[in-house]
Amino acid sequence: MAAGAPRTGSSVEEGRAGGSATWLAGEMALCRVVLGLRTARGGLQNQRRLRPPSSSLLQHSSSPSKQLLRHSGNAANPAQSGGLYYGLLVGGVSVVGGVYVYRTLHRDKSRFNERISTLESIKQTSERGESTVSSTELAKADVDKQEASEAKVAPLALPSHVPFLLIGGGTASFAAARSIRARDPGAKVLIVTDEADQPYMRPPLSKELWFSDDTNVPETLRFKQWNGKERSIFFQPPSFYVSPEELMSTEHGGVSVLTGKKVVHLDVRENKVKLDDGTFISYDKCLLATGGTPRNLPAIERASEEVKRRTTLFRKVSDFRDLEKLSSTIGSITVIGGGFLGSELACALGHRGQKSGLEVNQVFPESGNMGKVLPEYLSHWTTEKVKREGVNVLTDAVVKSVCYRDGKLHIHLKDGRQLQTDHIVAAVGLEPNTELAKSGGLELDGDFGGYRVNAELQARNNVWVAGDAACFYDIKLGRRRVEHHDHAVVSGRLAGENMTGVAKPYWHQSMFWSDLGPEVGYEAIGIVDSALPTVGVFAKATEKDTPKRASEESGTGIRSEHDGEILQSESQAVESAPAVPAVPAPAQQGESYGKGVVFYLRDNVVVGIVLWNVFNRMPIARKIIKDGEEHVDLNEVAKLFNIHEE
């Protein structure tokens, strides 16, 4: 029978029989003790009756022993003395044994009675069908059961330490994670983002997604690129990522994304961060890829809550979904801002409005679209192109105040003009997220904003910065901060490499692009500021000189993902560029700028280039800026881009 198992009623009878046998053995032992004492006493009496008189024995003795006995007076003889000692010894042992047996039997009797009571209780409980386990055992079992149940449902804890911690869930973070894993296949990387989504690319939010024919695009977030290929805005599907709770136990490492969490404190001495829920996570290497927050207009910040609720600061997936839904339910939308984002959104909404009847307005203080980037003549031409997309463009317009009245937003401009609309989209720039500078003791740049980093994109020991928030030193163009997709890709990739111990400087000239629908687009590199002197060389466009046709022919989608692949023929063409002659050629003026190249100059050196409807030539532009030479005849340099080909 197993230990602790309940015994049946027959066990009680067996216990009683065993107890009776024990008592019988005890009584027999006592009888033996008494008989032993009586035997000893009888032996002494017999010895005394048979003993001869001591006088006769002494008279007939003449040996020395007899003499000794004679002088001993009344001493007993040896036989008599031995019997006495033997009897006393047997009697003492018997008495001691009896006492021991008595005490042992008394204790056994008590235990026997307790055992009988327990067995009878178990028998009665068993007959009632109840548990045979004691109350103490039952309580312990309940506790064990509860702990086991809690262990099954309790969520796994987040890792308290990770080798690579990436703060921010945008393009730069994903590029860094991919780079780290490429150099260290077993690396364990944790991305922490305050967004609810996994890393995704932002450019399609203001470009291709709006031109999709799929009515379910806000949910699928899939779109057709200009080359006709379909893809998702997410860099990888959810199956690519490892659960944050399982990251450190994964044998071959991986990339985890902790969504909906914000890092609120950075301790560079202890190499740890604090999340907004109080959780601490330590790291070996850390990347700040915190991106930026859309700026708002002072006029809207001063306005009522009714105005703020009807204003979108466009940046995230959630903003696209909200605006896409609104565009089909309201009558008018006003985009404030004439830069890249504002012009792209205005064209996209205008294109949709031509089919749905949505009224689209665009308001900005410059004299033309992208007036801070493009030379004035090209900016004005672009504005006319935006108007042809169905957008009501108000140039030289500064917003003074906004109020909500009679179910409409009333926009008051400084020159007295007024505008009524149902919703406002503010696209007036980006403010880099640098909240961690104070707790981390990081240096901020007073001119460009962002975290100041060295050539290796490092801000402090074990801390790197990439993407929109990095203010880096460009060895050709000086200190800069860039807010474009390609820069996020390249700087994130380099930071990831350096976090694994490479220590490469950031020498790459990142590019950016903007598409005003599928028909007009441009790519740019370097410093493109309309305040700089420019030289433009243009040619007649053909049907293939559009973003859509260029993508179809090259098979590329997001152009910056492929722009690092330098073709051998292009490299040779740049290296064999002819010597430039005398005077810079003025930009061609005219009503149509089909395709061309715009050079931005500083001290007669090209520091920026815009390729207008000229695609897949970015390596040439990058080589020109890298060389940093003075060019006298930029018409000859423009020939390197083959703009005169039919």
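The values are calculated or read from the model by the stated rules, or taken from the named source; none is laboratory data. Note that this is a predicted model, so its numbers are computed, not measured. Cβ placement follows ideal geometry from the backbone for every residue including glycine, while neighbour counts extend to all protein chains displayed. Areas reflect the complete protein model, heavy atoms only, side chains present, ligands, DNA and RNA absent. Shrake-Rupley method; radii C 1.70, N 1.55, O 1.52, S 1.80 Å.
Before I look further, what does the range 246-392 give for accessible area per residue, probe 1.4 Å, in whole square angstrom?
Result: 43 Å² of accessible area for each residue.
Summing +1 for each Lys or Arg and -1 for each Asp or Glu among the other residues whose beta-carbon sits under 15 angstrom from that of Ser304 gives +2. Our estimate of slack between Arg269 and Lys308, defined as 0.36 nm per intervening residue step minus the Cα-Cα distance, is 10.0 nm. All other residues whose Cβ lies under 14 angstrom from that of Val360 are scored, Lys and Arg at +1 and Asp and Glu at -1, for a net of -1.
Given R₀ = 30 Å, FRET efficiency for Glu245-Trp507 by Cβ-Cβ distance, to 0.05?
On the way: r = 39 Å, r/R0 = 1.32.
Step by step, r from the Cβ atoms, then E = 0.15.
Could you work out how much longer the chain between Glu219 and Ala455 gets when fully extended? Use 0.36 nm per residue separation minus the Cα distance between them, nm to one decimal. Fully extending the segment from Glu219 to Ala455 adds 80.9 nm.
Using the Cβ-Cβ distance between Asp322 and Asp277 with R0 set to 30 Å, the FRET efficiency works out to roughly 0.70. In order along the range 250-257, phi translates into HN-Hα couplings of 6, 5, 9, x, x, 10, 10, 10 Hz, rounded to whole numbers, per the Karplus curve 6.51 cos²θ - 1.76 cosθ + 1.60 with θ = phi - 60° and x for Gly and Pro.
Amide H contacts under 5 Å for Glu359: Ser332, Ile333, restricted to partners 5 or more places along the chain or on a different chain, H placed in the peptide plane at 1.01 Å from N. Backbone geometry of the range 312-328 corresponds, through the Karplus equation with coefficients 6.51, -1.76 and 1.60 at θ = phi - 60°, to 3J(HN,Hα) couplings of 10, 9, 6, 7, 10, 4, 4, 5, 4, 4, 5, 5, 5, 5, 4, 4, 9 Hz, x marking Gly and Pro. The amide H of Val257, built 1.01 Å from its N in the peptide plane, has Ile191, Val242 as neighbours under 5 Å, considering only residues 5 or more places off or on other chains. In this label model, Leu444 and Asn642 are separated by 4.8 nm, measuring between points 7 Å along each Cα→Cβ vector. Amide H contacts for Ser367 (H built 1.01 Å from N in the peptide plane; partners 5 or more residues away or on another chain; cut-off under 5 Å): Asp396.
Once the Cα-Cα distance is subtracted from the 0.36 nm per residue extended length, the Thr259 to Asn296 segment shows a gain of 10.8 nm.
Run the numbers on the range 220-274 and let me know its relative contact order in percent, using alpha-carbon pairs under 8 Å that are six or more apart. List each step's numbers first, then the result.
On the way: 42 pairs, mean separation 10.3, N = 55.
Relative contact order comes out at 19 percent.
Under the simplified labelling scheme, the His412-Ala196 pair shows an inter-label distance of 3.7 nm, with each label point 7 Å from Cα along Cα→Cβ.
Over the range 202-328, the reciprocal of the mean inverse Cα-Cα separation, the Kirkwood hydrodynamic radius, stands at 18.4 Å.
Using the beta-carbon distance between Glu629 and Asp529 and R0 = 25 Å, what value does 1/(1 + (r/R0)^6) give for FRET efficiency, to the nearest 0.05? Walk me through the intermediate numbers first.
Details: r = 20 Å, r/R0 = 0.81.
In this case the efficiency is close to 0.80.
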